[in-house]
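Quick notes on the structure that follows.
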Amino acid sequence: MLRKFSVRNFKNFKETLVLDLGKVGGYKFNPECIADSTVSKCIIYGRNATGKTNLGEAIGDIFDILFGVPQRMRNDRFLNADSDEPVAEFTYEFAFGEDRIVYTYQRNNRHELVSEILCLNDNSIYKMNFEKSDLSDTNLELIGAETIQLKKYTDAMEPVLADIEGETDTQVPFLRYILNNAPLLPDNVLRSMEDYIKRMRHISVSLIKRSRLNPAFNDYLADTRNLEQFQEFLNVMGIECELEVAKSPDGQNELFFKHETLVPFYENASSGTLSLLTLYRRIMVFDKTPSFLYMDEFDAYYNYEMSEKIVKFLKSNFPKCQVVLTTHNTNLMTNQLMRPDCLFILSGTGKLTALCDATERELREGHNLEKLYIGGEFEQYE
């Protein structure tokens, strides 16, 4: 699981921002928000332009590092505009059983790495300086990768010829090289890390319209059992409806609301319903069970009742998945649903603070957190 994440000099995060999921309070209520002594369900509040979307993009950056495929295609500014530092730094601390992995890397844009460092249980495994093509402090035997061909890798890290656009190919991170070339056993801790990162997901309201362009989902729903499960999901979320899949004139499966006359689903569903479809498709259908979900403004199209139902759905159906939600909805800031160590405020200066650390008051189960928030109890941390 992800225990801690920090980022510096990325977009609006000039100073180091830390998301510490390993800091768990002693609360006895809502234990399903915690898994393996780590926060597994949390909600982040922040005013507009504090960087909630940027935080999700920063956490998901490691997916690009390991697999060479960014989770979100963005061409906007990478480094903080007010900083003179030439690199952004990302640090991830993972826990798998008794093992602790700390992986740190620096990059100066979306295509070039400057350095990376890997540590396992406080032991340095390697340090890589891409500007000097220097690989040092290699203790690869500690991860079962001592037979890997180091010279082949360092030779490949020599400057790459520019392409016709004037850009160079992305350097291959040494961690990716190890995972692709070392004879690691299936139970190796790096395989656990690789599997976890492969199943990290970033879901945004901007993905809603993509549901219209996914005929594979209609084919999936052509199975009666799958259609019934999706219909039940919508009903539980408060969307009372019956669904049917029928063939269009060109032979394609199409989804309809079932009435005396079939009503095309995508053309007539509300934004909230389409958003629910996107959520369902992303986490329940084609992907493996996600390990980490970052859902940015997840309830932008929902009323407060549906927002609460989604949180309860995620808590009950994904007990081991770490879920980070961002929202402006203070109705969710309640001990009936969450707990003070799982509710965070993102300030305009790029600092994340759990509610239990944002007041001198000892927050208890009976406190009305929303009322305290509206009353300015945590104002200095916004």
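The values are calculated or read from the model by the stated rules, or taken from the named source; none is laboratory data. Everything quoted here is computed from the prediction, not taken from an experiment. Don't worry about glycine lacking a Cβ; one is built from the backbone with ideal geometry, like all the others, and counts go over all protein chains shown. Calculation scope for accessible area: heavy atoms of the full protein, side chains included, ligands and nucleic acids excluded. Shrake-Rupley method; radii C 1.70, N 1.55, O 1.52, S 1.80 Å.
How far is helix 304-317 tilted, in degrees, relative to the longest principal axis of the Cα atoms in the chain, given as a value from 0 to 90 rounded to the nearest 10? Long axis of 304-317 versus the principal axis of the chain: about 60 degrees.
For the stretch 217-272, state what percent of all Cα-Cα pairs lands in each successive 10 Å bin, counting from 0 Å until the bin that includes the largest distance. Histogram of Cα-Cα distances, whole percents per bin: 24, 59, 17, 1.
Inverting the pair-averaged 1/r between distinct Cα atoms of the stretch 1-63 gives 13.1 Å as its Kirkwood hydrodynamic radius. What net charge is computed for the residues neighbouring GLN380, neighbours being all others with C-beta under 15 Å from the C-beta of GLN380, Lys and Arg scored +1, Asp and Glu -1? With Lys, Arg at +1 and Asp, Glu at -1, the neighbours total -2.
Quick one: helix 271-280 against the long Cα principal axis of the chain, what's the angle to the nearest 10°, folded into 0 to 90? Taking Cα atoms only, the helix is inclined about 50 degrees.
Net length available on complete extension from THR224 to ASN331 is 34.9 nm, with 0.36 nm assigned per residue and the Cα-Cα distance removed.
Of the residues LEU185, LEU332, LEU66, the one that moves most in a GNM of the chain with alpha-carbon contacts below 10 Å is LEU185.
Tell me whether the chain comes out rounded, prolate or oblate; compute the Cα gyration tensor, take square roots of the eigenvalues as a ≥ b ≥ c, and use a/c under 1.5 as the rounded threshold. It comes out oblate by the Cα gyration axes. With unit charges on the beta carbon (Lys/Arg positive, Asp/Glu negative), name the residue among ALA49, SER37, LEU363 whose Cα is farthest towards the positive pole of the charge dipole of the chain. Value computed over the given set: LEU363.
What FRET efficiency do you get for GLU267 and GLU32 if R0 is 45 Å and r is their Cβ-Cβ distance, rounded to the nearest 0.05? After rounding, the FRET efficiency stands at 0.75. Considering only protein heavy atoms and a 1.4 Å probe, what is the carbon-and-sulfur percentage of the accessible area of the stretch 3-119? C and S fraction of accessible area: 47 percent. The angle between the Cα long axis of helix 224-236 and the main principal axis of the chain comes to about 80°, on a 0 to 90 degree scale. With Cα atoms defining each centre, the stretch 312-382 and the stretch 99-128 are spaced 31 Å apart in the structure.
So what's the net charge close to PRO319: Lys and Arg +1, Asp and Glu -1, counting the other residues with Cβ under 13 Å from its Cβ?
Counting the neighbours of PRO319, the net charge comes to +2.
Ranking of VAL311, VAL172 by solvent-accessible surface, largest first: VAL172, VAL311 (1.4 Å probe, protein heavy atoms only, all chains present). Note on the stretch 224-356: percent of Cα-Cα distances in each 10 Å bin, starting at 0 and stopping at the bin with the largest distance, equals 10, 37, 31, 15, 6, 1. Straight-distance candidates among the lysines for linking to LYS151, with alpha-carbon spacing under 21 Å and chain neighbours fewer than 8 residues away dropped: LYS127, LYS132. Note on the chain: helix-only mean residue ellipticity at 222 nm, from DSSP H runs of 4+ residues weighted -39500 (n - 2.57) and normalised by residue number, equals -7000 deg cm²/dmol. With R₀ fixed at 41 Å, the C-beta to C-beta distance from CYS241 to ASP76 puts the FRET efficiency at about 0.60.
Annotation: peptides 289-295, 24-30, ranked by per-residue average of other Cβ atoms within 10 Å with the highest first, follow the order 289-295, 24-30.
Among beta bridges from DSSP that stay inside the chain, the antiparallel ones total about 75%.
For the peptides 228-238, 257-267, the ranking by mean Cβ contacts within 10 Å, running from highest to lowest, is 228-238, 257-267.
Solvent-accessible area of the stretch 250-366 (1.4 angstrom probe, protein heavy atoms only): carbon and sulfur portion equals 44 percent.
Straight-line reach from LYS309: which lysines fall under 20 Å, measuring Cα to Cα and dropping same-chain residues less than 8 apart? Hits, sequence-local ones excluded: LYS41, LYS320.
Taking a Cβ cut-off of under 9 Å around PHE257, the surrounding Lys, Arg, Asp and Glu residues balance to a net charge of -1, with basic ones at +1 and acidic ones at -1.
How much area per residue is accessible in the chain when the probe is 1.4 Å and only protein heavy atoms are counted (Å²)?
Value for the chain: 49 Å² per residue.
Of the beta bridges in the stretch 231-371, as assigned by DSSP with both residues counted there, near 70 percent are antiparallel.
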